[in-house]
1. Please give the length that would be gained between residue 48 and residue 117 if that part of the chain were fully extended, namely 0.36 nm times their separation in residues minus their C-alpha to C-alpha distance (nm, one decimal).
2. Relative contact order for the chain: what percent, with Cα pairs under 8 Å and sequence separation of 6 or more?
3. Can you list the aspartates and glutamates whose alpha carbon sits under 18 Å from that of residue 85, skipping same-chain ones fewer than 8 residues off?
4. By counting other Cβ atoms within 10 Å of each Cβ, how are 138, 71, 86 ranked from fewest to most?
5. In terms of Cα to Cα distance under 20 Å, which lysines are near enough to residue 27, apart from those fewer than 8 places away along the same chain?
6. Considering the zone a paramagnetic label at residue 27 would reach in this model (a point 7 Å from Cα along the Cα-to-Cβ line), which residues of the stretch 142-158 have amide N under 12 Å from it?
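What follows is calculated from the coordinates using simple rules that are stated; it is not laboratory data. Not measured: the values here are computed from a predicted model. We place every Cβ from the backbone using ideal geometry, glycine too, and count neighbours over all the protein chains shown.
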Amino acid sequence: MIYTPTEINKLLIEKFGKKRNIFSLPKLNKVVINYRVKDARESKEALALAEKELIAITGQKPSLRLSKKSVSTFKLRENDPLALKVTLRGTRMYDFVDKLFNLVLPRLRDFKGLPLTSFDGQGNYSLTIRDQTYFPEVDLDAVGAIRGVQVTLNISASSIDDSKMLLSTLGFPFTK
């Protein structure tokens, strides 16, 4: 179920009680999606295919991330292409979060919910989906390699408990 920010605030006020100021309620600022492409250095086709998949998943063109320095043990040179990154805000962010919570995560094999330990100190939540084919937009015939999708939910909250409350209001499946 897709919520607007005002509907989310109403639900949070019901959970927190009327003693909370509406401006101090936690809110979802942005969603950052990282898509690692290991063979981008050798193959421009793999990079183009990965970019096409990420555009299908997010509905937005990704930016290319380059290596900052050379590492000889990984055969990596400075400015080699490493990954693709998309930052979602606004309605695209809420559409992606709805799709992630209601379509993608229930498709995972042996899925029992996501752990409560993936919060950082500021209340942001990070998760990794090891296979991009769980997203319904990805064409299974055109997939060249299995890639992981890293998703970070950036939340403006004063504590981890407030972030948990916001995510559970949005329908996030935590482990019991």
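1. Values: separation 69, 0.36 × 69 = 24.84 nm, distance 3.46 nm.
Working it through step by step, the gained length comes to 21.4 nm.
2. Working: 263 pairs, mean separation 53.1, N = 176.
It comes to 30 percent, rounded to a whole number.
3. 39, 45, 51, 53, 95, 131, 137
4. Details: 138 17, 71 12, 86 20.
Ascending Cβ contact count within 10 Å gives the list 71, 138, 86.
5. 10, 15, 18, 19, 99, 164
6. Of the residues in the stretch 142-158, 156-157 have backbone N under 12 Å from the label point off residue 27.
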